[in-house]
1. Cα axis of helix 86-97 to longest principal axis of the chain: angle in degrees, 0 to 90, nearest 10?
2. Order the peptides 280-290, 534-544, 216-226, 462-472 from the highest to the lowest mean number of other Cβ atoms within 10 Å of their residues.
3. Taking 8 Å as the Cα distance limit and 6 or more residues as the minimum spacing, I'd like the relative contact order of the chain as a percentage.
4. Give the residues of segment 502-521 whose amide nitrogen is closer than 18 Å to a point set 7 Å from the Cα of residue 303 in the direction of its Cβ.
5. Can you give the extra length, in nm with one decimal, that the chain gains between residue 239 and residue 426 once fully stretched, where that is 0.36 nm per residue apart less the Cα-Cα distance?
6. Quick one: 519, 307, 73, fewest Cβ neighbours within 10 Å first, how do they rank?
7. Helix 312-330 versus the longest principal axis of the chain: what angle, 0 to 90°, nearest 10, using Cα atoms?
8. Between segment 344-374 and segment 499-572, what is the C-alpha centre distance in whole Å?
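All of the numbers you see were taken from the coordinates with simple rules; none came from a lab. If you're wondering where the values come from, they're calculated on a predicted model, not measured in any experiment. FYI the Cβ positions are ideal-geometry reconstructions off the backbone, even for glycines, and counts take in every protein chain you see.
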């Protein structure tokens, strides 16, 4: 009887995502129901500490009313510059509760990046986390002249800022909590689902970032679809826990790592950063994580290296697990009869140890933001961890589809469209999407909006098709597709993904548009290069190593292994070494870990051209 009551309560809770007018209304409904239960968790002074739903709601309403007292009105934009932390969530919700629009920005932004977003968005106020993040921000604010107020969360050094007023975070949380809640309730009752909630600037893989106007309904549509998958395929417990790691300024984490947990009444814990992610996972025992493929590749390499040092028995079990995983993938998710005895042994001896490294309670890890190499997916499945691959883009909430165990997971697909998503394939293979999840358009960019949104359909720019099970298979980005001099189409992301799975290669970009063959730009893996230099009696200096014929030959062997699996038109015929790794700092990678092709080509075009003369 009690279980039936819980199931009915859960069904009603998920249903109200569909009926909520806006994101703040959904959050306050959850906060009222959850009360003093833990909601937001972060590590303070070496200890994990939490804030309750009730306390979070109180801070949201007080901050919202104090933003209005600054003179902000409905529709004003407020820029948010912060690492992932509880205050990020509070600020985001408060901005919306004030009737304003959140403009999240990456903490890796340069002064120029900040100024572009300030100028373009016309933000009237800025909330910033700390002194370090304020350093490239303040000059941009001064130069732009747009913002009138800055609110530091941790406090910043006092500067001569002219007309820019500085208000402390603490001062913005003072007031009558009951009156603030009443004022917020009254205001949000007039905010419809189609009102713009946030302007999220794309990460700029192909040029200057554009401001995507996501409305409340687009994110709520995403949350409803994702919550339905979690409930149907995994069952939602009373205490679900998400570990937030990807930048909240990225649409994927914003919807999937913040508003999805709010929608299902889950806790959100904030990771301390990449270097502490592994320990944070073990400490917090999350049930769900949203991550990007690059992180999976790093974790896969780390696990394989750890096991390789544990002796013959551990290596034998790893090899058997991977073999069974490949057979299972080929058999559409079923373990072969002859593999079942060994699979039972692995379930007792190997997989529990791997699961424990992920906290022991992980139900699913959802990959998105870039294509996932099927080999990586097979690896984690073989290790006993459920990994789902999703697909989408900022302009669509951002999630369009996701693998579902019930529908049969195929690692080379991104699953069927989520509920509320209409999808069709254009004559040229481009995927078109329609539904409430589609953006309102690009902020102050009517020309680009008209090009991307046609007759209600979002033109994704992605090439793909739908398989016989209704699952989407992405071939490549339309604009990234290589068309060689013979007119053959080559998908670069597939080749790059295969290259970076080799232990010798950390990063890669291939090129070959209007050329006779494909060439590559390669960043060797630093750990592998260190081991190679020791084994060969060479000093570890990456630049010097790249000039050694023996070192180049070793990397060439990795490329040759990949070429064996590729068609004639896909093979990488020549390659050059990059001068350094592709990073966010040198603007050759986005904060969501995707390579910025146009930036890399700008820097290395002469080197790439030279590969056709060698």
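1. 50 degrees
2. 216-226, 280-290, 462-472, 534-544
3. Relative contact order of the chain: 11 percent.
4. In segment 502-521, the label zone of residue 303 (backbone N under 18 Å from the point 7 Å along Cα→Cβ) covers 502-503.
5. This chain segment gains 63.0 nm when fully extended.
6. 73, 307, 519
7. Rounded to the nearest ten degrees, it is 80.
8. 29 Å
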